[in-house]
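The next block holds one structure in the form of structure tokens; read it before the comments.
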Amino acid sequence: MDAMEEELKCPVCGSLFKEPIILPCSHNVCLACARNIIVQTPEGETPPQNRCSSDYDYLDMDKMSMYSETDSGYGSYTPCLKSPNGVRVFPPALVHRHCSITCPLCHRSVSLEERGLRGFQRNRLLEAIVSRYQQSRAASVKCQLCDRNPVDATVMCEQCDVFYCAPCQQRCHPSRGPLAKHRLLPPAPAQAGTASARRQATCVDHEAENYSMYCVSCQTPVCYQCLEEGKHGKHDVKPLAAMWKQHKCQLSQALNGVSDKAKEAKEFLVQLKNLLQQIQENGVEFEACLVAQCDALIEALTRQRAKLLTKVTKEKESKLKTVKDQITHCTMKLRQTTGMMEFCLEVIKENDPSGFLQISDALIKRVLVSQEQWVRSALEPKVCPEFALTVNTDPLMQSILQLDFTQNKVPPAPLLQLEKCCMRNNSATLAWRITTVQALPVEGYVLELDDGNSGLYREVYVGKETICTVDGLHFNSSYNARVKAYNSAGVGAYSKVVVLKTSDVAWFTFDPTSAHRDIVLSNENQTVTCNSYDDRVVLGMAAFSKGVHYWELSVDRYDNHPDPAFGVARINTMKDMMLGKDDKAWAMYVDNNRSWFMHNNSHTNRAEGGITKGSTVGILLDLTKHTLTFFINKQQHGPVAFENLEGVFMPAVSLNRNVQVTLITGLEVPKSIM
């Protein structure tokens, strides 16, 4: 019963109801609280919703409770209180002729009658439930503050709504200071309240009379004396017991509906709790995956850095070796040149002309050769100090800064909405939706149907819409349908397969869109005639490629012995000539005496017997045997007209202005065929 505790608390004081009364708006308040929210209104003024000039602490309400509804009141000064629930309450005021009470829940005001609060019915049923609830809590209630091994509670604080044993009450809730005004109650309720609540209710107007009838118009129980006084004379009054049973039945039925919703809500809560766990687990897994991906990027960057550093080291070592080699070579050559120069100077110092001339030519040549060796290129470095290596990190840095989560999951399997799917004749309409709460981006859907024989699936629709109608299915066939969604990440899973059953027999009308302009259709495109004396063709809206199909045409008007033609045709047959004159139609044309079969302007199988007004012409298209047979007035007319029929065929008629026929479809196939 703990779940309904809020239903048992007064909206004014926030405690369990005590002597609850029923306001006209069907809400309940304690009788004492009702006295506190009475408002005195001047004569002729609408009862106020919330009149207040100052705020009082809720605890001060005890000081005001000494005033009753017969006290002198406070005149024009009407202070208000605030209950723990935040609801404004008013101290008791004078119950004059102009007093009102405002419901603290719906804020609906009602003027009090001369009897004051005694005019409101006491909710004895609610009293009994509160009493049972208090007994159920007191039966096993323990102290709520004991650390270990809670003992039985001895008191309950009405304001704190906490149960205490004696030691905990002395330690945690002493009756002094700000807690001195709290009301401590024993956990076990008095039995007198139960007995009072169980007493049979008496009439508010006639306290000596028990309720025996129920006024349906006023929606209130009444006694016999109320009926005798004529207060409910013209109202619909019924026995109290019968209405009690009826309302109990209505409440039970309503509870069944609420119970189903509550069951769904419980299942939904379980789903949400499981969702919390899944989110937590998926979050941890995703975080670990993200850290691993970032670590992999860092590791790859570290490896690439090592490779680049190796290249720099090799380039540096190559430059250093080249410079060192050049230094060694230049040093050696410079030493040789310096030695030669010093030797030449010593030779010049000698005063022996003949000796000088003996070696001067050779020395001059050596000096010139040495001078030629010191060309400009020999005195320039072979390498530059700068490194001809450049690393452009801007694209990588930009990619890192733009690194973010992208959609990389395919959408889930769509859910086929069976309540919106329907079959009509040989057309199927399917609707679907994405099932997830936060649906992944979907770029489109693919609807697939099999061939009607549990064969391979084929795509019949690709697009963004979530509803599609597929026309031209075979009659008397079962198709399996499924749908899948796709986005940039790929194609999602298929939905569950739904079985589509087309109509056993064909229901169709004439097609106004493909008919010749001289054709006149009426009766919802089921009746056809023509404005021209020449034959004009009209097709049916059904197309047949398999199965056995039978339809009839009733001759409504037949003047001057014309020869209308009946049969089947391709969709592109000629519309301005008799049916059967081209190679795209197979027909029987008939007058009042005889008939012929015609295809590609070839006339065959003349048969005696014609049509008149009121006759019926039947066409049997058997695509299992690939034949076409005709009937007049339910009897087969002539042999099988055409054989080896393959492809897609549409019902067809050609006629002129002297003939009017009505199409009859949805017929069973004739059983007797020659």
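Please work out if Val410 is open to solvent by 30 Å² or more (accessible area, probe 1.4 Å) and touching a Gly at 6+ places or on another chain (Cβ under 6 Å).
Against the criterion (open to solvent by 30 Å² or more (accessible area, probe 1.4 Å) and touching a Gly at 6+ places or on another chain (Cβ under 6 Å)), Val410 qualifies.
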Among the residues of segment 621-660, what is the count of those that are surrounded by 16 or more Cβ atoms within 10 Å (Cβ to Cβ) and farther than 27 Å from Leu473 by Cα? 10
Given (1) part of a strand (DSSP E or B); (2) among the basic types (Lys, Arg); (3) exposed (fewer than 10 other Cβ atoms within 10 Å of the Cβ), where does Lys238 come up short, assuming only one miss? (3)
Residue under question is Met588, and the condition is that it be touching a residue at least 24 places away in the same chain (Cβ under 8 Å), of a type outside the set (Lys, Arg) and touching a Ser or Thr at 6+ places or on another chain (Cβ under 6 Å); does it hold? yes
When segment 295-317 is examined, which residues are found to be free of Cβ contacts under 8 Å to residues at least 24 places away in the same chain, more than 18 Å from Thr393 (Cβ to Cβ) and surrounded by 11 or more Cβ atoms within 10 Å (Cβ to Cβ)? none
Might you let me know whether segment 117-133 holds any residue that is assigned to a strand (DSSP E or B) and crowded, with 16+ Cβ neighbours inside 10 Å? yes
Can you tell me which residues in segment 314-364 are small (Gly, Ala, Ser) and farther than 17 Å from Trp374 by Cβ? Ser318, Ser354, Gly355, Ser360, Ala362
When you look at Thr338, is it free of Cβ contacts under 8 Å to residues at least 40 places away in the same chain, more than 23 Å from Ala388 (Cβ to Cβ), β-branched (Val, Ile, Thr) and open to solvent by 90 Å² or more (accessible area, probe 1.4 Å), yes or no? no
Collect the residues in segment 462-481 that are open to solvent by less than 50 Å² (accessible area, probe 1.4 Å) and over 26 Å from His549 (Cα atoms), keeping them in residue-number order. Gly463, Cys468
Could you please let me know if Arg366 is surrounded by 11 or more Cβ atoms within 10 Å (Cβ to Cβ) and part of a helix (DSSP H, G or I)? yes
Under 7 Å between Cβ atoms, which residue pairs at least 6 apart in sequence (or on different chains) link something in segment 522-549 that is closer than 20 Å to Ile571 by Cα with a partner that is in a strand (DSSP E or B) and of a type in the set (Lys, Arg)? Cys530/Arg536
Would you confirm whether any residue within segment 246-267 is in contact (Cβ under 8 Å) with a residue 24 or more places away in the chain, open to solvent by less than 100 Å² (accessible area, probe 1.4 Å) and either aliphatic (A, V, I, L, M) or not in a helix (DSSP H, G or I) (or both)? no
What number of residues within segment 482-504 are of a type in the set (Ser, Thr, Tyr), modelled with pLDDT under 90 and surrounded by 13 or more Cβ atoms within 10 Å (Cβ to Cβ)? 2
Only residues that are assigned to a strand (DSSP E or B), more than 14 Å from the chain's Cα centre (by Cα) and not polar (S, T, N, Q): list them for segment 411-428, please. Cys422, Met423, Arg424, Ala428
Considering only segment 521-571, state which residues are open to solvent by 20 Å² or more (accessible area, probe 1.4 Å), in contact with a His (Cβ under 9 Å, 6 or more places away or on another chain) and assigned to a strand (DSSP E or B). Arg536
With the structure loaded, tell me whether Gln280 is open to solvent by 100 Å² or more (accessible area, probe 1.4 Å) and among the polar types (S, T, N, Q) or whether it fails that test. yes
Which of the residues belonging to segment 577-611 are assigned to a loop (DSSP other than H, G, I, E, B), loosely packed, with under 14 Cβ neighbours inside 10 Å and charged (D, E, K, R)? Asp583
Whether any residue in segment 262-282 is over 27 Å from the mean Cα position of the chain (by Cα) and more than 30 Å from His206 (Cα to Cα) is what I want to check. no
Only one of Glu419, Glu346, Glu350 is open to solvent by 90 Å² or more (accessible area, probe 1.4 Å), under 30 Å from Val499 (Cβ atoms), without any contact (Cβ under 8 Å) to a residue 12 or more places away in the chain and acidic (Asp, Glu), namely Glu419
Could you look through segment 29-45, keep only residues that are surrounded by fewer than 21 Cβ atoms within 10 Å (Cβ to Cβ) and at pLDDT 85 or above, and pick out the one that is nearest to Glu127 (Cα to Cα)? Cys30
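The values are calculated or read from the model by the stated rules, or taken from the named source; none is laboratory data. Given the structure is predicted, the values throughout are model-derived calculations rather than measurements. Methodologically, a virtual Cβ is constructed for each residue, glycine included, from the backbone with ideal geometry; neighbour enumeration extends over all protein chains shown. Quick note on the areas: whole protein, heavy atoms, side chains included, nothing else; ligands and nucleic acids left out. Shrake-Rupley method; radii C 1.70, N 1.55, O 1.52, S 1.80 Å.
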